[in-house]
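What follows is one structure encoded as structure tokens, with my remarks underneath.
The values are calculated or read from the model by the stated rules, or taken from the named source; none is laboratory data. Since the model is a prediction, treat every value here as computed from it, not as a measurement. Here the Cβ is made from the backbone with ideal geometry for all residues, glycine too, and neighbour counts use every protein chain on show.
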Amino acid sequence: MSQKLLDVENLTMKFGGLVAIDNLSFSADKDKITSIIGPNGAGKTTVFNCLTGFYKATAGSMFLNKENERLNLRKFSDFKVAQKAGVARTFQNIRLFPQMSVLENLMVAQHNKLMDASGFTILGLFNSPSFVKKEKEAVEISKYWLDIIGLTHRADDDAGDLPYGDQRKLEIVRAMCINPHLLCLDEPAAGLNAKESAELNKLLLFIKNEKKTGILLIEHDMSVVMEISDHVVVLNYGKKIFQGSAKETKNSPEVIEAYLGTEE
Amino acid sequence: MEKKFFQTSIKDSLFTGLIALALFGPIVGLRTVAKNEVLEVHPKWFIVLIIVIVCAVGRFLTNLYVYNRDQKTGIQSSIGKSISNFLDTKGYQIALTAIIFSVIFPFLPFTDRYLMDIAIMMLTYIMLGWGLNIVIGLAGLLDLGYVAFYAVGAYSYALFAIHFGWSFWICLPIAGIFAAMFGVLLGFPVLRLRGDYLAIVTLAFGEMIRILLLNWYQLTKGPDGLTGIPRPSFFGLPFKSFPDEGEQTFHTFFGVEYDPMQRIIFLYYLILVLALITNLFTIKIRRLPIGRAWEALREDEIACKSLGVNPRNTKLTAFAIGAMFGGFAGSFFATRQAFISPESFTFIESAIIVAIVVLGGMGSQTGVVLATVFLIGLIEVFRDFESYRMIAFGGAMVLIMIFRPRGILATRKPTITLEKSSSK
């Protein structure tokens, strides 16, 4: 067996008669960025929803290989994918907790760890030293990530008050706060200007190189895809039509026909 | 410009007068009187005329002075602003003053039996409001059947106290646990529901409990209610004017004259302590992971799932803990009244508690207190004008919603802040 981080085999998702994903197989590497691209309605977000447990796939398997175990993601239902398997995701339309502070957003992401430390709330009610210590650590982790995206000075402001680009970055580091093995990003560059996109690239490369986290990326912004992807999977009508490096993808006639061709 | 504005204002107020005529004409103007077994119509056009003029002129004046944005003399811009500002910035001071005041309240010179009774009632509602604040304010689950847990607490306290003769301090936690169990019972079927649908199911749940209490005659004595619920004792010392032979009572133990106010004052402090425990617990639990998860769930359930937060457990704990405090308040209610019947647990109670939480500002602890004092106080003030009570109640709600659309105290403080010391 190759030691890929994620092995998706023959994944199929049907909604009634509509086949959203048709027999899709691909894999994603640890410390690599794998992009999934394709025209609108190609089934990219559906792949994410299957991976992260929001949909139950009709058929196929999705394996996540950790150091010494091989988990079938199909066996986990919604929140357990993040809790037990360590697959984090962001959303196409940002889903922060807008009326909670930036720091609180990151603390919620560390919920399970803190919940255990708070002894199902009872130890926490009495300020047990072990809980206080864990909470401090969690704040430190949050601060570490805020420093990276340069939002430390806004830590106590409502997340909903941040500018759009900062909200995107916050959502990504919030997902990183659950300490995931695989990070799934659904169009992180949508709505960003050129400068913000460049910052995003930097952040994603940092996560890939320093954190050794596998990244699965859905993106329309080709400047992002071409610049940082190690591997590109192209979908059209739920089927994989091409996979390869960014350079190969750019020159592939199938892709140009199905996807880039429609742009011009 | 000026002239045109004047014209539209006149037109608008004439139109208002017309609506008033259409509304009040038949309602107020035509009065039927039974005379010699014949129904006669006694028109009262003069009163109608007065009402119509008042409406039209009132509309004209509000047009000129309140809704006219050019002029800064509107109510909203002067008094309203300063009150709003005061409420937004001085929440903590208001809370502190309220606590000090409530501690010394029984010994103030003007405090009498009547005021004490109102204060006890208000504190019961405040405690219920704080309990429900966990469910509605923090977890964002609109629960219209909260009175069910109040009822479960009251009945389980009454039944255990009557049949087993257990003391208040043993029955209180039991009643809380029972109510919490019912909270989980309600929580399970409504896990997937949100918003309006959740409200309908919880409303039905509240009614189910009331109807159950009404019809399970063997256990609850149905509409007759439960009588002879033991009064609470001061750590084993009862409040009695004529103690039995050799029995220690509160006044013999402390060597003071017997006074019926002693029990009232004790009850007052009891509910004050219970309410403050509810408050402290909520303030504390808000800062724990579970409290933060509740608020996150209120904000966005899907995002919560993507972060591995278990929505089922989180919701159920919110229901259970909220219900538990409702149960505590219920047992206090039972021991204070010494008589309970399903009459006391109707939907209007739930509605009042929800109104308190919403008007106070969802999630705001001090807001609950202000809203309770305002609403319950208003109901009491209007006690002599029975038929106008609900009008005043509704009017007060409309006013609050106009001037403070997000509740009296709507500012939310983060549960955890980054130390600013490092950045300075």
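Need the failing condition index for A:G191 against (1) more than 28 Å from A:N23 (Cα to Cα); (2) at pLDDT 90 or above, just the number. Unmet for A:G191, out of (1) more than 28 Å from A:N23 (Cα to Cα); (2) at pLDDT 90 or above: (2). When segment A:150-163 is filtered for residues that are in a helix (DSSP H, G or I) and within 18 Å of A:Q110 (Cα to Cα), the ones remaining, listed by number, are A:T152, A:A159.
Selection of strands (runs of 3 or more DSSP E) fully inside segment A:200-258 by the criterion of at least 1 residues being within 20 Å of the chain's Cα centre (by Cα) and crowded, with 23+ Cβ neighbours inside 10 Å returns A:214-218, A:231-236. Listed residues A:G165, A:G150; which is more than 14 Å from chain B (Cβ to nearest Cβ) and of a type outside the set (A, V, I, L, M)? It is A:G165. Residue count for segment B:226-248 under the criterion of being at pLDDT 75 or above and among the polar types (S, T, N, Q): the result is 2. Would you call B:I348 free of Cβ contacts under 8 Å to residues at least 40 places away in the same chain, in a helix (DSSP H, G or I) and either buried (at least 22 other Cβ atoms within 10 Å of the Cβ) or more than 14 Å from chain A (Cβ to nearest Cβ) (or both)? So B:I348 passes the test.
Restricting attention to segment B:250-275, the residues being crowded, with 17+ Cβ neighbours inside 10 Å and among the charged types (D, E, K, R) number 1. Of everything in segment A:121-139 that is more than 8 Å from chain B (Cβ to nearest Cβ) and either in a loop (DSSP other than H, G, I, E, B) or within 22 Å of the chain's Cα centre (by Cα) (or both), the residue that is surrounded by the most Cβ atoms within 10 Å (Cβ to Cβ) is A:A138.
Scanning segment B:409-424 for any residue that is touching an Asp or Glu at 6+ places or on another chain (Cβ under 9 Å), farther than 30 Å from B:F160 by Cα, loosely packed, with under 13 Cβ neighbours inside 10 Å and basic (K, R) turns up at least one such residue. Just checking, does segment B:377-394 include any residue being at pLDDT 80 or above, away from chain A (no Cβ under 14 Å) and crowded, with 18+ Cβ neighbours inside 10 Å? So far as segment B:377-394 goes, no, none of its residues is at pLDDT 80 or above, away from chain A (no Cβ under 14 Å) and crowded, with 18+ Cβ neighbours inside 10 Å. Scanning segment A:58-73 for residues that are closer than 18 Å to A:V19 by Cα and in contact with a Ser or Thr (Cβ under 7 Å, 6 or more places away or on another chain) yields A:T58, A:A59, A:G60. Taking every residue in segment A:213-238 that is within 19 Å of A:A42 (Cα to Cα) and pairing it with any residue that is part of a strand (DSSP E or B) and of a type in the set (D, E), at least 6 positions away or on another chain, the pairs with Cβ-Cβ distances below 8 Å are A:I218/A:D186; A:Y237/A:D22; A:G238/A:D22. For segment B:382-394, the criterion of being out of contact with any Pro (no Cβ under 8 Å at 6 or more places or on another chain), of a type in the set (K, R) and in a helix (DSSP H, G or I) is satisfied by at least one residue.
All conditions but one from (1) farther than 16 Å from B:G363 by Cβ; (2) surrounded by 24 or more Cβ atoms within 10 Å (Cβ to Cβ); (3) more than 8 Å from every other protein chain (Cβ to nearest Cβ) apply to B:E301; the one that does not is (2). Of all residues in segment B:282-319, which are free of Cβ contacts under 8 Å to residues at least 12 places away in the same chain and farther than 18 Å from A:E171 by Cβ? Selection gives B:K284, B:L288, B:P289, B:N310, B:N313.
Are any residues in segment B:204-225 modelled with pLDDT under 90, within 25 Å of B:G183 (Cβ to Cβ) and in contact with a Ser or Thr (Cβ under 7 Å, 6 or more places away or on another chain), and if so, which ones? Once the filter is applied, which keeps residues that are modelled with pLDDT under 90, within 25 Å of B:G183 (Cβ to Cβ) and in contact with a Ser or Thr (Cβ under 7 Å, 6 or more places away or on another chain), segment B:204-225 yields only B:G225. No other residue among B:T335, B:T278 is within 14 Å of chain A (Cβ to nearest Cβ), touching a residue at least 12 places away in the same chain (Cβ under 8 Å), part of a helix (DSSP H, G or I) and buried (at least 19 other Cβ atoms within 10 Å of the Cβ) apart from B:T278. Considering (1) at the interface with chain B (Cβ under 10 Å from one of its Cβ atoms); (2) surrounded by fewer than 23 Cβ atoms within 10 Å (Cβ to Cβ), the lone condition that A:A175 does not fulfil carries the number (2). Set side by side, the residues B:L96, B:L191, B:L159, B:L108 differ, and just one is surrounded by fewer than 21 Cβ atoms within 10 Å (Cβ to Cβ), touching a helix residue (DSSP H, G or I) at 6+ places or on another chain (Cβ under 8 Å) and modelled with pLDDT under 90, which is B:L191.
Within the set A:S128, A:S142, A:S77, the sole residue that is polar (S, T, N, Q) and either modelled with pLDDT of 85 or more or touching a strand residue (DSSP E or B) at 6+ places or on another chain (Cβ under 8 Å) (or both) turns out to be A:S142. When segment B:111-147 is limited to residues that are among the charged types (D, E, K, R) and assigned to a helix (DSSP H, G or I), the one that is nearest to B:F332 (Cα to Cα) turns out to be B:D117. Return yes or no: is A:L18 at pLDDT 85 or above, hydrophobic (A, V, I, L, M, F, W, C) and over 17 Å from A:Y237 (Cα atoms)? So A:L18 does not fit the description; no.
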